[in-house]
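The values are calculated or read from the model by the stated rules, or taken from the named source; none is laboratory data. Here the structure is a predicted model, which means the values were calculated and not measured. Cβ placement follows ideal geometry from the backbone for every residue including glycine, while neighbour counts extend to all protein chains displayed.
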Amino acid sequence: MLHFVVALPAEAKPLIEHYGLVRHTGGAFPVYENENITLIVSGIGKVAAAAATGYLQAQTGNHSCTAWLNIGIVGHNRRAIGDGVLVHKITDQITGRNWYPPLTFGLPCVSDDLITVDEPETEYRENKLYDMEAAGFYATACRFTTAELVHCYKIVSDNLATPSEEVSTKTVQALIEQRLDTIDVLTQTLQAFAARLAEFQSDPGELARFLEHWRFTVSEQHQLRRLLLHWRARSPKTVWSAKLAALPSANDALRYLRQELDILPIEFSKS
Amino acid sequence: MINTIYIEREIADHPRVRRICENFSNAVTIICERYGEVFNPKAQNFRLQKQRPALILARKHDGMVLKTPKGYGIGGNHNYYFSHMLNCIYDCRYCFLQGMYRSAHYVLFVNYEDFETAIVSKISEVNGETIWFFSGYDCDSLALEPITGFVEHVLPLFARHPNAFIELRTKSTQVRSLLRTKPLPNCVVAFSFTPKEISAALENGVPSVEKRIDAMVRLQHQGWRLGLRFDPVIYHQDYQAHYRRLFSDLFQQLDSERLHSVTLGAFRLPAPYHRNILRLYPDEPLFATTLEPSNGMVSYQAPIRDEMIAFCEQELQRYVTPDICFSCSTL
């Protein structure tokens, strides 16, 4: 699963069309979705971005294995219009706080520092990207998942030669459309990371079967999950058998699992 | 190998930083204020980061040299450790670092001179008594030596202080700089081993047992004092046959009479680190066994622990005298 957070409808439009996202009716923010991707239009500013990120998390459920990608236009003093840049450092200009999205995959584009400002930047004093959302988005999204799954990809829309006043809605759409290939790569990479994390954290496949067959207390459910994880780590075979299924109680089933684990040889296969 | 380098602003112009960065000319370099901004945030996943760790170049401000935990040591009364690096380029599943740190990035402290000052200060406190410094607790002492040059930098200090001993603990074969150096009688190069079956399964990226033995032979041939570290000893089916063969392979090629020390310790982890690692690797057979808490640590049940250590001690007695064998008794 991947969530896009964008500030402007013009930034959202090419993504909505490219990924075939459908408008979700009602709600405090416009939300679009397909089976694997959700997009929210936050409006301008870091507070709006943080609010939209929190809103989307609440709307889509508390899944810690979801990737988050903030996409939008930025200014820079000398980068060319249309440059696509992954952000490797975010600074909130007002608070001075920094965040460093971990670059744990091969980059499909260049990366750079970004400063999130509260008012539109026209002088681009530092040789860095300027936006108005990333700090709010990143700080909030990192509350919901691990930082490796949270990134900002920005496309340069204005610089010293082309001030932001000259950037039209049409231009914004065109800039995003030109970078859809890179956005695709980022989306797939982050979704693969999210899927890997979900796999690490998944329940053992047989847990549901046990829970249907016997009535476990909460404490017994924790024990069951742990024992089944141990079994999964140590044996490719199913632990389920006619002998096990015939046991009368949850407590008997747990005892059986412990006994089976005790006699299972401790072996390590080449990683 | 290194694709991203974070550099603390304060040391961005340090000559050592410049030299290290020259080795990774294609890496993205990012200026940070303090390494903790990158290394310490909560929302990080060690397992995902370990796929592509970054290098963080930083300055260590305090706590350069610390007392070793109780039960660690090889016979000395004054035992200290220091870490010029945090984290290791290898990925050993049993390693406590993956439960101790939130980040898998490698932190290298480049103010080597401050480490030297702290070491000399500790040496001066013991009035000529023997004092030990262990350098491989939070990193591998030699694995990144071609990049860091730390050992090459610090050994002359020990040459000037013969009562101060240093242990370099490693699983690497990066011994070139040592082979270029005149052996020091107060430096012990200690190599860690598990049987090759365990190494293949649990020690990702570590040179083979054969290559490490070869590195040891070369060092011993040149006159370096060597140590053997069987810590952790890992319980598994056939562990006796595997450890017996490991010892045999080692002592067929090494001169056991010139060995400095041998240490043994059953697999164990501080309980909080064990909890963290379990969350990262619920699918790992190493942790899917009956481990039990004891004195704040988590380890095998006492009968298994005792049986393994007794077996290894007995086997080792075929090759080395008991006076150079030490057990890590933290449980």
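Details
- Number of residues in the range A:130-145 that are more than 13 Å from chain B (Cβ to nearest Cβ) and out of contact with any Pro (no Cβ under 8 Å at 6 or more places or on another chain): the value is 7.
- Failed criterion for A:LEU175 (all others in (1) more than 14 Å from chain B (Cβ to nearest Cβ); (2) surrounded by 15 or more Cβ atoms within 10 Å (Cβ to Cβ); (3) touching a Phe, Trp or Tyr at 6+ places or on another chain (Cβ under 9 Å); (4) among the hydrophobic types (A, V, I, L, M, F, W, C) hold): (3)
- Residues of the range A:24-42 include none that is buried (at least 16 other Cβ atoms within 10 Å of the Cβ), touching a Cys at 6+ places or on another chain (Cβ under 8 Å) and of a type outside the set (Gly, Ala, Ser).
- Of all the listed residues (A:ARG225, A:ARG234), the sole one being within 14 Å of chain B (Cβ to nearest Cβ) and more than 30 Å from B:HIS242 (Cβ to Cβ) is A:ARG225.
- Of A:THR187, A:THR182, all but one fail to be surrounded by 15 or more Cβ atoms within 10 Å (Cβ to Cβ), in contact with a Gly (Cβ under 6 Å, 6 or more places away or on another chain) and either polar (S, T, N, Q) or within 11 Å of another protein chain (Cβ to nearest Cβ) (or both); the exception is A:THR182.
- Scan of the range B:81-105 for residues that are farther than 13 Å from B:PRO270 by Cα, in contact with a strand residue (DSSP E or B) (Cβ under 6 Å, 6 or more places away or on another chain) and not hydroxyl-bearing (Ser, Thr, Tyr), ordered by number: B:PHE82, B:HIS84, B:MET85, B:LEU86, B:ASN87, B:ASP91, B:CYS92, B:HIS105
- Within the range A:190-219, being acidic (Asp, Glu) and exposed (fewer than 12 other Cβ atoms within 10 Å of the Cβ) holds for A:GLU199, A:GLU212.
- The listed residue being modelled with pLDDT under 95 and aliphatic (A, V, I, L, M), out of B:ILE123, B:ILE147, B:ILE89, B:ILE74: B:ILE74
Conditions (1) more than 14 Å from every other protein chain (Cβ to nearest Cβ); (2) outside any strand (DSSP E or B); (3) among the charged types (D, E, K, R); (4) surrounded by fewer than 24 Cβ atoms within 10 Å (Cβ to Cβ), marked per residue:
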{"residue": "A:VAL74", "(1), (2), (3), (4)": "yes, no, no, no"}
{"residue": "A:GLY96", "(1), (2), (3), (4)": "no, yes, no, yes"}
{"residue": "A:LEU103", "(1), (2), (3), (4)": "no, yes, no, yes"}
{"residue": "A:ASP118", "(1), (2), (3), (4)": "yes, yes, yes, yes"}
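- Residue that is modelled with the lowest pLDDT, among those in the range A:255-271 that are in contact with a Leu (Cβ under 8 Å, 6 or more places away or on another chain) and within 14 Å of chain B (Cβ to nearest Cβ): A:SER271
- Some residue of the range B:210-230 being more than 20 Å from B:SER256 (Cβ to Cβ) and touching a Lys or Arg at 6+ places or on another chain (Cβ under 9 Å): no
- When B:VAL38 is tested against (1) within 14 Å of another protein chain (Cβ to nearest Cβ); (2) not in a helix (DSSP H, G or I), exactly one condition is not met: (2).
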